[in-house]
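Here's the structure we're looking at; comments come further down.
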Amino acid sequence: MTISQLAQKDFERAVSKGFWRKVLSILTRKDTQLLPFDEIRKRLPIRGQHYIGFRQVPIDKICGSMGRYHDFDRAFLPLQRRTRDRWISVDLAHYEAVPLPPVELYQIGDIYFVKDGNHRVSVARERGQDYVDAYVIEIDTPIKLTSDLQLSELDLKQAYADFLLNTRLNEFYPEAEIELSRPDFYPEVLRHIDLHRWYLGERRSKEIPYEEAVVSWYDQIYQPLVVMIREHGVLKDFSSHTEADLCLWLMEYQGYLRRAYNQMGEDDSDDMDAETTAARQLLGDYPLPAVKKLISLVNRAHWLDDIILEQERVEFLELTRLDQLRPGSQIIPTLPGQCNRIREHIAVHRWYLGEQRQAETPYDEAVASWYDRIYLPLIEIIREQGILEKFPGRTETDLYLWIITHRWYLQQAYEAEIPLEEAAEKFTEDFSGPGSKKGKKAKSKAAGDE
């Protein structure tokens with residue numbers, strides 16, 4: 001067989017392998033497409049480029065192409081026949097030991113894209129070469145790309161890039177990696193940073209520069225959580241997620257995780273708020289040992305409770321402007337999620353006012369009306385009956401929510417309207433002190449203190 005015939009046979013074998021790889025990728029739903037350079041460059045922030053010269057580049061790290069990404073697959077096997085002669089001529093050069101010029105590549109992160117020399121890379125890889133000679137231009141971007149990158153992950157990489165542009169975290173901590181498993185998680189992390197910034201401003205009574213808030217959030221909240229996750233080996237039980245995912249869950253649901261765990265196996269999901277339901281669903285997706293380990297970690301993060309509670313309160317005041325509408329008002333819960341429940345109360349009250357007036361009520365007016373007509377009257381009853389003294393460590397806001405909830409249960413049980421004074425007395429009788437007749441579990445159900 002002549003070398004020309006050998007080269008033609010090599011091409012036919014490569015095309016056949018490319019066809020069957022494509023069939024297998026469809027069956028396994030595993031993407032084998034080359035990464036398009038222009039799409040990657042468009043989606044990621046580019047800080048510049050520079051020529052780094054001649055290199056021997058590992059062929060398995062060449063994962064994309066500037067203009068031929070439809071002609072070859074991820075293994076640089078040909079997917080069409082229109083450039084057959086070009087491929088064969090390169091293969092012939094190898095048989096005849098004719099030196100070929102180095103290929104030209106772009107490097108982004110840890111992967112390379114062919115600028116010129118797609119057929120040379122294809123033939124070299126098919127012939128079993130591990131390296132190829134190349135002239136390389138490096139593209140500077142804060143996002144780390146690795147050879148296992150899939151085209152479907154570009155949305156996630158772009159979301160991470162936007163996050164870094166917003167926070168400049170990679171400038172303050174070059175080693176920091178906050179890689180989440182879903183693009184929509186990044187806005188949630190930004191929200192926590194914003195709340196932390198407000199929290200710092202409230203404590204210091206001055207506006208905090210955003211960059212300072214980012215650094216404080218990373219040092220005081222994120223990093224301590226990462227250390228705990230690593231020390232407890234939690235990530236191996238949640239292998240399809242990242243450290244950043246777990247940190248976000250703990251920041252978002254640390255109180256609800258306890259509550260959801262205590263309720264697992266009970267058929268009372270209708271009594272749970274959205275956050276607890278989400279946390280319970282999260283825990284329900286994993287085996288019990290993993291759940292216990294996560295709850296153990298949550299229970300050790302007591303320092304996080306106060307920060308999250310304050311952030312929830314800041315978010316509540318930002319939305320309702322209650323501190324401006326009613327200066328001196330004190331909405332201070334001691335349990336996570338209570339501010340969200342109060343927001344639901346305000347929303348219901350606003351709907352009620354609209355029904356009464358047959359017109360939409362402005363939100364600020366509904367907030368003020370709820371405070372004057374719903375919240376304060378019950379607080380006055382709590383003070384008159386001295387109820388707070390019987391619940392050490394709790395606040396008037398806690399009691400407001402618990403008594404409102406308990407009143408609803410009483411009205412359902414007795415099928416009658418229960419006055420607030422009577423509901424407050426009944427709640428105190430049932431749940432205060434060691435001799436309360438319904439016990440801790442009943443208290444948890446009525447008070448939401450799971």
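Only the coordinates and a few stated rules stand behind these numbers; no lab work does. Worth saying up front: this structure is predicted, and the values here are computed from it rather than measured. Cβ coordinates were reconstructed from backbone atoms using ideal geometry, including for glycine residues, and neighbour counts include every protein chain displayed.
Starting from the Cα of D31, move 7 Å in the Cα-to-Cβ direction to define the label point; list residues of the range 114-156 whose amide nitrogen is under 14 Å from there. Answer for this model: 146-156. Just checking the listed ones, Q358, Q56, Q411: in the Gaussian network model of the chain with Cα springs under 10 Å, the one fluctuating most is Q358. When the helices of the chain are scored as -39500 (n - 2.57) per DSSP H run of n ≥ 4 and the total is divided over every residue, the value at 222 nm lands at -18000 deg cm²/dmol.
In the structure shown, do any of K30/K144; K115/K144; K157/K236; K115/K157; K42/K115 have a Cα-Cα gap over 18 Å, and if so which?
Over 18 Å Cα-Cα: K30/K144; K115/K144; K157/K236; K115/K157.
When the chain is treated as a GNM with alpha-carbon contacts under 10 Å, the residue of T32, T83, T334 showing the greatest mean-square fluctuation is T83. Between the alpha-carbon centres of the range 146-219 and the range 327-404 there is a gap of 34 Å.
Write down the percent of antiparallel bridges among all DSSP beta bridges whose residues are both part of the chain, to the nearest 5. Rounded to the nearest five, the antiparallel share is 60 percent.
Largest mean-square fluctuation among F113, F76, F391, in a Gaussian network model of the chain whose springs join Cα atoms under 10 Å apart, belongs to F391. The charge dipole of the chain, taken about its Cα centre with unit charges on the Cβ of Lys, Arg, Asp and Glu (plus for the first two, minus for the last two), comes to roughly 1720 debye.
The mean sequence separation of alpha-carbon pairs under 8 Å and at least six residues apart, normalised by the residue count of the range 322-414, gives a relative contact order of 35 percent. For the range 15-93, the dipole from Cβ point charges (+1 on Lys and Arg, -1 on Asp and Glu) about the Cα centre works out to 180 debye, to the nearest 20.
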